[in-house]
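Worksheet: one structure, shown below.
The values are calculated or read from the model by the stated rules, or taken from the named source; none is laboratory data. Note that this is a predicted model, so its numbers are computed, not measured. Cβ placement follows ideal geometry from the backbone for every residue including glycine, while neighbour counts extend to all protein chains displayed.
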Amino acid sequence: MPRPKLKSLKEGKKTDLKKSFSALIFIPRFFKEIWKTNKKLFLVSACCRLIGAVLPVIILWIGKIIIDEIILQTKTEVSDLNILWTYVAIEFGLIILSDLVSRAISLTDGLLGDAYSIDSSVRIIKKTNQINISLLEDAEFYDKLERARTQTTGRVGLMSNALGEVQSLISILTLVAGLIYFEPYLIILLVLSIIPSFINEIWFSQQQYSLARGWTAERRELDYLRFIGANDKTAKEIKLFGLTDFVVDRFKNLAQEYYELNKKLAVKRSALGFTFNVLGTLSYYGAYVFIIYRVISGAITLGELTFLSGSFNRLTKNLQEFFSKFTRITESALYLKDYFDFLDISIEPNHKEDMPLPTTIKEGFEFKNVRFSYPGSDTEILKGISFKMKAGEKLAFVGQNGAGKTTLTKLLLRFYEPTSGEILLDGVNINRFDKAAYQEFFGVIFQDFFKYEFTVKENIAIGDIDEIENQEKIENAAALSLADEVVKELKYGYNQQLGKRFAKGQELSGGQWQKVALARAYMKDAKVMILDEPTSALDAKAESEVFDRFIGLTQSKTSVIISHRFSTVRQADRILVLEEGRVLEFGTHQELMNNKSLYAELFTLQAEGYQ
């Protein structure tokens, strides 16, 4: 199937000049965050910038005095050079001070930027943790998260530019005051040299943002193609299936479309920028000719010529830099808007009448006519599910792929809310409990558990991270899950780095990873255990041993087991059989075998496969 043609800049989300300027309202909030990050560094940076702002005009003024003093000495019969050398020494000291202040600004900006980068990344991570799983699985929301996450460096640059802008403004005001004092007409030429370039830059900056924003999803796809095209985890299949050309072509086509749009924008920006720069240069030399004429006519001294030409030159550069930074600030402020929009996403508040969680589960859980459709979909995954799970009972969910087994556990864990119906714990709707406290009730291992590229010790301790220094508990959890057998084969034991991402890392097989992940469940003294295909990568002997231990260790715990292996399922107290989002059967293994329905059919088919 041919790939659909992607959107151009005009077809993407456009951002007008009004929106560019309106984004500046986020700057004060931005600086409040920076102030909270490190007050002392912020104050040091501000003081240095204040000194750095007034030094240029002072140095130029001292230079004027030196030139005038030299001319005076040449006209005086008895010269006294002490005053001249004093001014030279003052200028020397000011230049040294200027360099020192400049380095102090760079140092404080760097340290403050790094500190803020850490703080803002922490905020994003914490916010992500507060957001419902349903939002995180939404593509449009994920684009917003991606823009907030990837613009950390840009926010640090925005900080330096914004602080520099204040410094430049103070410097500009002092230089303008000097020009007005001597030749106010030069201000007109100055405005003519700067304004066109400013308008050009601000217009193109919002066009650049529009392009970047409109292509967020495509740039994520480019990152994904880079990942699968050059990654140790995908290398085997890429080679085996001969996917290199497919991935390369897809990447090149998508990247080329973005490149062409970006190139077109960059060429127009450069061409117009050159044109306006020529206009600015003409204005500068017009001012220079005017100053020379005034010196020749005797209206101003040679020292004043030096001061005016230096001031006009520095002022022109300062204004160009000021407006250039301003355009970068307005562009960055648009990304800043994405960042604050993400942080301001409303989180469903806890109910004011939160019920206290039971210290022990007495009755168990009950699903009452639960229906569920994933957000943005009209397809019902669960269609009126009703059943009870008694306290201390081991319940197995069985059904073909897509029957709704994992979806049931997601609702039980409150990752999603039912579309209709309710789930009760000891007769109370689970929505009445504080979500974070409620989720602490559960110990869960999913089939698609994440392989953390940490040490073995850290991987196991994730089950109860507060116990990360409790080596005895970690080793006990490893023994229960058979992960201790994996540890014995590793060079550094529990301190072995896992995965190949970092130095001295070692990759594990699927079954070894699964044993390590199972150890996490044993780390947590959870009241309810959920194992979603927990032994799919284990051999039959290891699986049997794992479940024998699990059954023995969870005698008093409420447990949910999802598995396609009926040798495992039959050990459950009762079995819930799902078909197309409905409860088809519910009972013990023997009761379901006597029913001679779907469960008996699947069990018999699997048993025949082992004969």
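Looking only at the stretch 480-497, which residues are in contact with a Gly (Cβ under 6 Å, 6 or more places away or on another chain) and among the aliphatic types (A, V, I, L, M)? Don't jump to the end; show me each part of the working.
Within the stretch 480-497, the subset in contact with a Gly (Cβ under 6 Å, 6 or more places away or on another chain) is 487, 497.
Residue satisfying the conditions is Val487 alone.
So which of Gly402, Gly421 ends up being on the phi > 0 side of the Ramachandran plot and modelled with pLDDT under 90?
Answer to the selection: Gly402.
Looking for something farther than 17 Å from Phe307 by Cα and touching a Gly at 6+ places or on another chain (Cβ under 9 Å) - is there at least one such residue anywhere in the stretch 54-64?
no
Is it true that some residue in the stretch 372-392 is touching a Leu at 6+ places or on another chain (Cβ under 6 Å), within 30 Å of Phe276 (Cα to Cα), of a type in the set (A, V, I, L, M) and surrounded by 14 or more Cβ atoms within 10 Å (Cβ to Cβ)?
no
I'm told Gln208 meets every condition in (1) surrounded by 13 or more Cβ atoms within 10 Å (Cβ to Cβ); (2) at pLDDT 70 or above except one. Can you identify the failing condition by its number?
The single condition Gln208 does not satisfy is (2).
Take the residues in the stretch 351-361 that are farther than 19 Å from Asn132 by Cβ and surrounded by 12 or more Cβ atoms within 10 Å (Cβ to Cβ); name whichever of them is modelled with the lowest pLDDT.
Of everything passing the filter in the stretch 351-361, Met355 is modelled with the lowest pLDDT.
A quick yes/no check of all residues on (1) more than 21 Å from Glu363 (Cα to Cα); (2) of a type in the set (Lys, Arg); (3) in contact with a Gly (Cβ under 9 Å, 6 or more places away or on another chain):
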| residue | (1), (2), (3) |
| --- | --- |
| Gly402 | yes, no, yes |
| Leu408 | no, no, no |
| Leu412 | no, no, no |
| Glu417 | yes, no, no |
| Gly421 | no, no, yes |
| Gly427 | no, no, no |
| Ile430 | no, no, no |
| Ala436 | yes, no, no |
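Working carefully through the options Gly52, Gly110, find the one that is surrounded by 15 or more Cβ atoms within 10 Å (Cβ to Cβ) and within 18 Å of Gly164 (Cβ to Cβ).
One residue alone meets the criteria, Gly52.
So which residues in the stretch 565-591 are among the hydrophobic types (A, V, I, L, M, F, W, C) and touching a Ser or Thr at 6+ places or on another chain (Cβ under 6 Å), if there are any at all?
Just the residues of the stretch 565-591 that are among the hydrophobic types (A, V, I, L, M, F, W, C), to begin with: 566, 569, 572, 575-578, 583-584, 586.
Scanning the stretch 565-591 gives a single hit, Val569.
Give the residue that is farthest from the chain's Cα centre (by Cα), with candidates limited to residues of the stretch 283-304 that are free of Cβ contacts under 8 Å to residues at least 24 places away in the same chain and part of a helix (DSSP H, G or I).
Out of the qualifying residues, it is Ile296.
Residues to consider are Glu11, Glu77; find the one that is in a loop (DSSP other than H, G, I, E, B), at pLDDT below 80, in the same structural domain as Lys337 (by TED's automatic domain parsing) and not aliphatic (A, V, I, L, M). Give the derivation first.
Values: Glu11 fails: in the same structural domain as Lys337 (by TED's automatic domain parsing).
Unique residue meeting the criteria: Glu77.
Return yes when Gly510 is at pLDDT below 80, within 32 Å of the chain's Cα centre (by Cα) and assigned by TED's automatic domain parsing to the domain that holds Lys457 and no when it is not.
yes
Sort out for me the helices (runs of 4 or more DSSP H) sitting completely within the stretch 434-509 that have 1 or more residues that are surrounded by fewer than 17 Cβ atoms within 10 Å (Cβ to Cβ) and in contact (Cβ under 8 Å) with a residue 12 or more places away in the chain.
Correct list: 435-439, 471-481, 483-488.
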